[in-house]
1. Specify the residue that is nearest to GLU215 (Cα to Cα); the eligible residues are those in region 256-277 that are part of a loop (DSSP other than H, G, I, E, B) and out of contact with any Asp or Glu (no Cβ under 9 Å at 6 or more places or on another chain).
2. Looking at region 255-274 only, could you name the residues that are aliphatic (A, V, I, L, M) and buried (at least 19 other Cβ atoms within 10 Å of the Cβ)?
3. Taking the options LYS249, LYS234, name whichever one is of a type in the set (Lys, Arg), in a helix (DSSP H, G or I), in contact with a helix residue (DSSP H, G or I) (Cβ under 9 Å, 6 or more places away or on another chain) and more than 26 Å from LEU116 (Cα to Cα).
4. Looking at VAL99, VAL19, which one is at pLDDT 95 or above, touching a Leu at 6+ places or on another chain (Cβ under 9 Å), more than 19 Å from ARG251 (Cα to Cα) and among the aliphatic types (A, V, I, L, M)?
5. For THR162, only one of the following conditions fails: (1) at pLDDT below 90; (2) buried (at least 16 other Cβ atoms within 10 Å of the Cβ). What is its number?
6. In this structure, is ARG62 surrounded by fewer than 22 Cβ atoms within 10 Å (Cβ to Cβ) and under 18 Å from the mean Cα position of the chain (by Cα)?
7. From the list LEU226, LEU209, LEU216, pick out the single residue that is more than 29 Å from ARG84 (Cα to Cα), free of Cβ contacts under 8 Å to residues at least 40 places away in the same chain and among the aliphatic types (A, V, I, L, M).
Amino acid sequence: MADSGAPDRESTGGSIPVVIVSGPTCSGKSSLAINLAQKYDAEIISADSRQIYRRLKIGTDRLDEDQWRGIRHHLMGMVDLDQRFTVFDFVQQAQDAIVDIHTRGKKVIICGGTGLYLRALTDGIYELPEEDMKYRGELLDLAARHGIDYLHMMLMKVDPETAAELHPHNTVRVIRALEIYHCTGMKRNELNGLPTTRDGRIRFLQMVLMPPRGELYRRIEERVDLMIESGLLKEVEEIVESTEGKALKDRKIIGYREIILFINGELTWNEAVIAIKQNTRRYAKRQFTWFRGLSEAKIIEDFGNQAVENCIKLTEPYWA
């Protein structure tokens, strides 16, 4: 679980400066990261919990190597669906990659929208059982339905001391404190002193793309249509018929679970496509809620291909 008392990442005095490009799905993170990498001779580390899987390409909108524009990417398409890959694994491998890239004289960019991966990397993660991702989704759904103050009231009931320390709108840390209690039965302050995986050599500048929601939702629908045209059904069928079929079904990944329901006859084709679009929009809404709670992040209210110059203004002095 990520440390709830994280300081401002940009002011942390590590010797390896890392830029993070994050934001909701379909906001143009990859395009922005590649543009910055080309300008600054950087390599990119993926922080996407779905693109990590080797066989998930079309349904995760994973770029092929010929789309990388000569930029080397790490932690992408490297894990089998039936292979266990935890947030601890991500942090360890990402830290190793950061040090390796820096040692070779190149700059480092982290690109992805998996909030758990990013927060565990920047804050460190306690050596406790892995967080319950389903529970985090439930909390984000509650915040979307009832408002973010609702989660703070939940925290007040189980950990009033931490609730008193946190602003009700600091969604990320409120959720993290609720997760700590949910997974361990312990209050956040009871975990002080436990070792974390945070690497003091590394410092972070996090930029979050937060484009207009209406336009983002329109682009999500267009992307889903493109995935369908590109052969998403065939991709799912091939995995389902393979030895990794059960693992894919168990993971219930958006875009794949709906197609599986169609294959099983539980949804019509039109119902499956509509469900993918609807569930992706809901996922994006949860990401908005999560990223808005990052008080130390630099919010860029635009899409990646329109935010390059603004992001250069932030990264230029950071890497100078």
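1. Per the stated criteria, the residue is THR268.
2. Once the filter is applied, which keeps residues that are aliphatic (A, V, I, L, M) and buried (at least 19 other Cβ atoms within 10 Å of the Cβ), region 255-274 yields ILE259, ILE260, ALA272, VAL273.
3. Of the residues listed, the single one that is of a type in the set (Lys, Arg), in a helix (DSSP H, G or I), in contact with a helix residue (DSSP H, G or I) (Cβ under 9 Å, 6 or more places away or on another chain) and more than 26 Å from LEU116 (Cα to Cα) is LYS234.
4. VAL19
5. With respect to (1) at pLDDT below 90; (2) buried (at least 16 other Cβ atoms within 10 Å of the Cβ), THR162 is out only on (1).
6. yes
7. LEU226
Yes/no per residue for (1) of a type in the set (S, T, N, Q); (2) surrounded by 20 or more Cβ atoms within 10 Å (Cβ to Cβ); (3) modelled with pLDDT under 95:
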position: ASP41; (1), (2), (3): no, no, no
position: ASP48; (1), (2), (3): no, yes, no
position: LEU56; (1), (2), (3): no, yes, no
position: GLN67; (1), (2), (3): yes, no, yes
position: LEU81; (1), (2), (3): no, yes, no
position: VAL87; (1), (2), (3): no, yes, yes
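The values are calculated or read from the model by the stated rules, or taken from the named source; none is laboratory data. This structure is a prediction, so every number in the text was calculated from the model and none was measured. Cβ atoms come from the backbone with ideal geometry, glycine included; neighbour counts cover every protein chain shown.
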